[in-house]
Structure formats: structure tokens, C-alpha cells
Amino acid sequence: MNFFKSVTGSVTKAVDYVVEKNRKAALVNRIRIVIKNERESEARAYVSLGKYYFENLRDAQNEETEALCKAVELSDQRMKKAFLKLDEITATGEDEDACADCHDDCDYCPCYDENDVGGDSMEDDDFVADSSIVDKANTSSDTAEEAAEEAADDAAENPQE
């Protein structure tokens, strides 16, 4: 009997120890979440304060803050330029795939009539790769390289401090 009491006491202590350790770990995790949320809240408040200063209280005489304001303006200009380039790249890709007759995707054009080709239907084995797809891919790659070069040129002209 004494043996069972000893074993049960040891098991109970072990379970209590594990439960207490889990409670402590859960409490530490909750506190870490609170700290993380407060840091994010503080960061949002700083951003809002900075935007308010930039828009309403900007002082051109203060060299320290004016340098930061100019950095914000430069970033805004570069971001607008990047968005324009992105729109330019994505807009040209959509028009090239349109069918001249129906403006549908030409891969499965409903206007295509097999009888117009002379009755010969193309089998999968007869398919020849369209070189315009490769040309389009090369053009997209060239455009991306041009955008990267422009960004590098802008960075060289306006180095960040």
C-alpha cells in the first residue's frame, strides 16, 4: 500500500509540475502577444504622426526633417514610376492575345472554322509551336531588364542617405 501511495504521490507531483509549467508558458506567450501588438500599434502611431507632420507641419528650415521629407517624396515618385511601368507592361500583354475578329483568346477561338483550312483538321501531333509566344516572352524579359536599369540609374542619380 505504501508503494502505491508513493507512486501516486510522485505521479501527482509530476503532473502538477507539468501543469504549472504549461500555465507559465501560456502566460509568457500571452504577454509576448501583448508586447507584439503594442509594438505594432506604436509603429502605426509613429507612421500616422509622420504623415501628419509631412502633410501639415513640414518646416523647410529644419535640415534634419527636410532630408527625411525629401526621402519620402523621392520614394513616392519612384513608386509612382514603378506603378506606371507595371501598368504599361501588363496592359500590352492583354491586347496581343486578342483575336482580330472576336477579341477572344486565340488558343481556342470560337471563330475558327476547320473547313476554312481546306478540311484538314490539325491533330496534336501536327501542332507546330508558335514563335510569337517565344518573342513575347523575350520582349517581357527585355522590358523587365529595362525597368531594372532605369531603377539603377535613378538610384545612382539620387543616392539615399
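Please treat every number below as a calculation from the coordinates, not as lab data. Being a predicted model, the structure only gives us computed values, none of them experimental. Because the Cβ atoms are built from the backbone with ideal geometry, glycine has one as well, and the counts that use them run over all protein chains shown.
Loop only per DSSP, at most 15 neighbouring Cβ atoms within 10 Å: give me the trypsin sites (Lys or Arg not before Pro) in region 1-74, ordered by residue number. Within region 1-74, the qualifying trypsin sites (Lys or Arg not before Pro) (loop, at most 15 other Cβ atoms within 10 Å) are Arg58. Rounded to the nearest Hz, the phi-derived 3J(HN,Hα) couplings of region 37-43 under the Karplus curve 6.51 cos²θ - 1.76 cosθ + 1.60 (θ = phi - 60°) are 5, 5, 4, 5, 4, 5, 5, where x marks glycine and proline. Stretching Glu63 away from Ser41 to a fully extended chain increases their span by 5.1 nm, per 0.36 nm per residue minus the current alpha-carbon distance. Full extension of the chain between Ala25 and Phe83 yields a length gain of 16.3 nm, computed as 0.36 nm times the residue separation minus the alpha carbon distance. I'd like to know which of Gly9, Ile31, Tyr52 lies farthest towards the positive end of the charge dipole of region 1-57, counting +1 on Cβ of Lys and Arg and -1 on Cβ of Asp and Glu. Checking the options against the dipole of region 1-57, the answer is Gly9. The phi torsions of region 51-60, fed into the Karplus equation with coefficients 6.51, -1.76 and 1.60 and a -60° offset, translate into couplings of 5, 4, 4, 4, 7, 10, 10, 4, 10, 5 Hz, rounded to whole numbers, with Gly and Pro shown as x.
Taking a ≥ b ≥ c as the square roots of the eigenvalues of the alpha carbon gyration tensor, region 42-89 is oblate, as a/c is not under 1.5 and a/b does not beat b/c. Phi angles across region 10-21 convert, under the Karplus curve 6.51 cos²θ - 1.76 cosθ + 1.60 with θ = phi - 60°, into 3J(HN,Hα) values of 5, 5, 4, 4, 5, 5, 4, 4, 5, 4, 5, 5 Hz, Gly and Pro given as x.
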